[in-house]
Amino acid sequence: MIEVINFTKRYGEFTAVDDLSFSIGEGEIFGFIGPNGAGKSTTIRFLATLLRPTSGEGRIAGHSVTEDPMAVRRVIGFMPDDFGVYDGMKVWEFLDFFAVAYEIPKAMRRRIIGEVLELLDLTHKRDDYVNGLSKGMKQRLCLAKTLVHDPPVLILDEPASGLDPRARLEMKALLNELRRMGKTILVSSHILSELADFCTSIGVIERGRLLAAGSIRDIQRKIRAHRVLKVELTSGETDRAATILRDDPAIDSVEAYGRSVTAEFHGDDEDMGRLLGRLMAAGVPVQSFAEEPLSLEEVFMMITKGIVN
């Protein structure tokens, strides 16, 4: 659905983005992560047809970003990291302005605006003035205006920037709902905890270079030499569980504490099933048995330290 091919952007001698390539499949939420100044907004502005590349190409829903920008604008909803509002304009007027810009017929605009307001839980703010809204409500309104033409692709630059904790949670819920509606979403952030709960894939960028891209699970497995299992027990039989795990050829090391056992192993999913079966057959009171993932913060730090090139 989104493809970036060898995108480079230079400003004189300074290279903001260097030979960037990645792709995002239909229906994914792609988290574009990196520190401030890494090149996220430059890449997003290129995909939104607001910035010409020094070299490279992009394609969205089959349309060329450089050769057919008008077609791209019809299939994307772009939410910048900061947006202006119009003094003296009401919420419904703000949305109507963008609906007109997208050439939505007048007979349809009232219904569409009502549906978007309902989706974003802004119906009660319909007649409020935009410049009087809170930061969180303004962010919701900015997202609402990206949806008035029902685009299949959303490009969101730091959508939760400046929001309080409750508003951040509400933004996450909105993005999950939009994915359930079939939208493909690229969302950037330098706050990794914002993305951990709902992204299906990520790209890590630093100093204009893409260090890693793909599903979170695949990237985790690339940067950690061994998989890690965590076993929680209903009673304190950790010594027996640890002994059973240590005797298995797929296990490399075991640590036991309290009612938990953590084990590094080099096996596959079939080995995981076999290990659980051994514990259950021995009567070990297993409460939970799962692979312990890395956090996005750990993934980012390990990648940027050069573990993955």
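What the table below lists for this structure:
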quantity	calculated
Cross-chain or 6+ apart pairs with Cβ under 8 Å, the range 94-109 first and among the basic types (Lys, Arg), then surrounded by 13 or more Cβ atoms within 10 Å (Cβ to Cβ)	ARG109/ASP96; ARG109/ALA99; ARG109/VAL100
Within the range 38-90, tally of residues that are touching a strand residue (DSSP E or B) at 6+ places or on another chain (Cβ under 9 Å), surrounded by fewer than 15 Cβ atoms within 10 Å (Cβ to Cβ) and at positive phi	1
Qualifying residue in the range 55-71 (condition: among the aliphatic types (A, V, I, L, M) and closer than 19 Å to ALA144 by Cβ)	no
Any hit, the range 223-238, residues being closer than 30 Å to GLY56 by Cβ, surrounded by 15 or more Cβ atoms within 10 Å (Cβ to Cβ), within 23 Å of the chain's Cα centre (by Cα) and in contact (Cβ under 8 Å) with a residue 40 or more places away in the chain	yes
Residue list for the range 169-215, restricted to those being modelled with pLDDT of 80 or more and small (Gly, Ala, Ser)	ALA173, GLY182, SER188, SER201, GLY203, GLY208, ALA212, ALA213, GLY214, SER215
Residue in the range 30-44 that is in a helix (DSSP H, G or I), within 23 Å of GLU103 (Cβ to Cβ) and not charged (D, E, K, R) present	no
Hey, ILE112 assigned to a loop (DSSP other than H, G, I, E, B) and within 20 Å of PRO151 (Cβ to Cβ) or not	no
Residue match in the range 153-168 (condition: acidic (Asp, Glu) and either in a helix (DSSP H, G or I) or farther than 26 Å from VAL299 by Cα (or both))	no
Boolean, ILE29 is in contact with a helix residue (DSSP H, G or I) (Cβ under 7 Å, 6 or more places away or on another chain), buried (at least 18 other Cβ atoms within 10 Å of the Cβ) and in contact (Cβ under 8 Å) with a residue 60 or more places away in the chain	yes
Filter result (of a type in the set (A, V, I, L, M) and either surrounded by fewer than 20 Cβ atoms within 10 Å (Cβ to Cβ) or farther than 16 Å from GLY31 by Cβ (or both)) within the range 147-170	LEU147, VAL148, LEU163, ALA167, LEU169
Failed item, numbered, when GLU206 is tested on (1) among the charged types (D, E, K, R); (2) in the same structural domain as GLY37 (by TED's automatic domain parsing); (3) over 30 Å from the mean Cα position of the chain (by Cα)	(3)
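Residue by residue, here is whether (1) in the same structural domain as LEU178 (by TED's automatic domain parsing); (2) among the charged types (D, E, K, R); (3) within 24 Å of the chain's Cα centre (by Cα) holds:
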| residue | (1), (2), (3) |
| --- | --- |
| TYR102 | yes, no, no |
| GLU115 | yes, yes, no |
| ASN131 | yes, no, no |
| LYS135 | yes, yes, yes |
| GLN139 | yes, no, yes |
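The values are calculated or read from the model by the stated rules, or taken from the named source; none is laboratory data. Bear in mind the structure is a predicted one, so any value in this text is a computation, not a measurement. For neighbour counting, all protein chains shown are included, and Cβ atoms are generated from backbone atoms with ideal geometry for every residue, glycine included.
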